[in-house]
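*Asks:* One structure follows; several queries about it will come next.
Every number in this text was worked out from the coordinates using simple rules, so none of it is lab data. Because the structure is a prediction, the values reported are computed rather than measured. Don't worry about glycine lacking a Cβ; one is built from the backbone with ideal geometry, like all the others, and counts go over all protein chains shown.
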Amino acid sequence: MKQSLDIKLNQGLVMTAELRQAINILAMPVQDLTTFVGNELLENPFLQAEDGIGEGDVAAVTDLAASERDSADAMDEKDYGDELPLDYGWDNLYDVGSDTVGSGSVGASSSFSGADESVWEKTASEAETLHDHLVEQLHLAVKSHTDLFLGQYLIEAIDDSGYLRLDLSDAAKRLQVDKERLEDMLAVVQTFEPTGVGARDLSECLRLQLHAADNLTDVADVVVRNLPLLAKQDYEKLAKMAKANKMAILETVEDIALCNPKPGLEYGSNVAEAVLPDVIVFDSENGWQVELNAEAMPKVLLNKTAQDIFGGTDKDTKNYINERVGRANWLVKSLEQRARTILKVSRAIVKEQADFFVYGVESLKPMTLKQIADLVDVHESTVSRVTNGKFMQTPLGMFELKHFFSAGIGTTGGQVEVAASSVKAMIKRLVDEEDSRKPLSDEKLVKLLKDEGVDVARRTVAKYREAQGIPSSSGRRIR
């Protein structure tokens, strides 16, 4: 063993606190951002809330929306860029790790890559909510992006008690889908745990739980459909209606007593908050327009009066002012950058999913984060942060931005051209039109789909046929 003195050059990459804050701000939903900005206003005397139209050091978000409102021509162009790319300048905000040799140093900086995951980016664990639990089951139950969209739409309308607070007829009109399609999706959601979730009233909730426990007899069905009589303990009338004896009614009452009238309360719940849209989509003479919602964008300015008041000559005062003013400047720039990025990404989504806003959810196209990232010229992780927890108000209702993303099916040619729901609809149409004495085999369906421009594998056809409950050709044959 011996001791020695070596000289070694290394280059490292360290995330600055400012860049970390900018990324966190980009990912924050409206409620969290409002709280964060409020705390900054309390702690930093060099910040002030903007009450009117923006001026001075930062352009108001409303001005930003107004200046880009006339975007019909821009929406037709491939380039969504601004004066500077949305990620401009972020690569230079790294502290360069270095080892000094003499008076020199060596270092390097880098932009985001596909492996940019860091420990600080991981979210803190928290209690699983009913919404999270249902969404997890939804992704295991269905694969079609249309079914996922409808399923999430229904789940978001389920309250903390587990009841669906939504009029299916109105929702079907708003989404421009058949009510039967929505009811079928609700039937899937009602098979999830906890048992009884997704019911529209107490009677349906009890019926779902009794059915799951294999206790939904004809007598039980009569009892749960006449809960006012059960509340009055009018067992004789219930027995007469069910054409059963009083003992059978009492046994049913014991089964009902084991049911949970509020199944959703088994899980953690989110605080009930009104969702505020980040962007608003509306139809105009120039096509679909996208604007930022000024109410959802906190606006702050630099407080120059405070700089004059705190102006001092001692070193500690100057250091304090420099640190706080720098933090205030960075917050202002981060908020403006966040608003611009959300607007750009939202406009790209609206352009790519234009048919959805005209024809409804059936026309939702397969779309990935990478597609939008390429259009807006940012990294996929940026698009992911922008779309998570951000909402878009449309004529069809309010949707989270991430709902517009779904993977398409891969055709045998290796191209992703068709949405899964479209293929399912085509298969169902072909089966409905077939001769029941000579039903179409999966191989024949593959050929017919190829004639219509959809080149998919036989196993894909079989999978989508079974997903719709359509038997094989032998099971459909009528002799």
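*Asks:* Please list, in order along the range 131-142, the HN-Hα scalar couplings obtained from phi with the Karplus expression 6.51 cos²θ - 1.76 cosθ + 1.60 (θ = phi - 60°), rounded to whole Hz, x for Gly and Pro.
*Replies:* Each residue of the range 131-142 in turn: 4, 4, 5, 6, 5, 4, 5, 4, 5, 7, 8, 10 Hz.
*Asks:* May I ask you to evaluate 6.51 cos²θ - 1.76 cosθ + 1.60, the Karplus curve with θ = phi - 60°, for each residue of the range 314-325 and list the ³J(HN,Hα) values in order in whole Hz, giving x for glycine and proline?
*Replies:* Rounded to whole hertz, the list is 6, 5, 4, 5, 5, 4, 4, 4, 4, 5, 6, 5.
*Asks:* Relative contact order for the range 202-266: what is it in percent, counting Cα pairs under 8 Å that are at least 6 residues apart?
*Replies:* With pairs under 8 Å counted, the relative contact order is 38 percent.
*Asks:* Something else: Sorting check: for 379-390, 206-217, 429-440, which peptide has the highest mean count of neighbouring beta carbons within 10 Å, and how do the rest follow?
*Replies:* 379-390, 206-217, 429-440
*Asks:* Might you report the magnitude of the Cβ-based charge dipole of the range 130-189 about its Cα centre, with Lys and Arg at +1 and Asp and Glu at -1, to the nearest 20 debye?
*Replies:* Charge dipole, the range 130-189, about its Cα centre: 200 debye, nearest 20.
*Asks:* How long is the gain from residue 202 to residue 143 if the chain were fully straight, where each residue apart is worth 0.36 nm and the alpha carbon distance is subtracted?
*Replies:* 18.2 nm
*Asks:* Apply the Karplus parameterisation 6.51 cos²θ - 1.76 cosθ + 1.60, with θ equal to phi minus 60°, to every residue of the range 386-401 and state each ³J(HN,Hα) to the nearest whole Hz, in sequence, with x for glycine and proline.
*Replies:* So the J values, rounded to whole Hz, are 5, 8, 8, x, 10, 10, 10, 8, 10, x, 8, x, 9, 9, 6, 4.
*Asks:* Calculate the spin-label point distance for residue 159 paired with residue 282, positioning each point 7 Å from the Cα along the beta-carbon direction, and give it in nanometres.
*Replies:* Each label point is offset 7 Å from its Cα along the Cβ direction, giving 3.2 nm.
*Asks:* Sticking with this one: Order these peptides, 250-261, 189-200, 326-337, by their mean beta-carbon neighbour count within 10 angstrom, highest first.
*Replies:* 189-200, 326-337, 250-261
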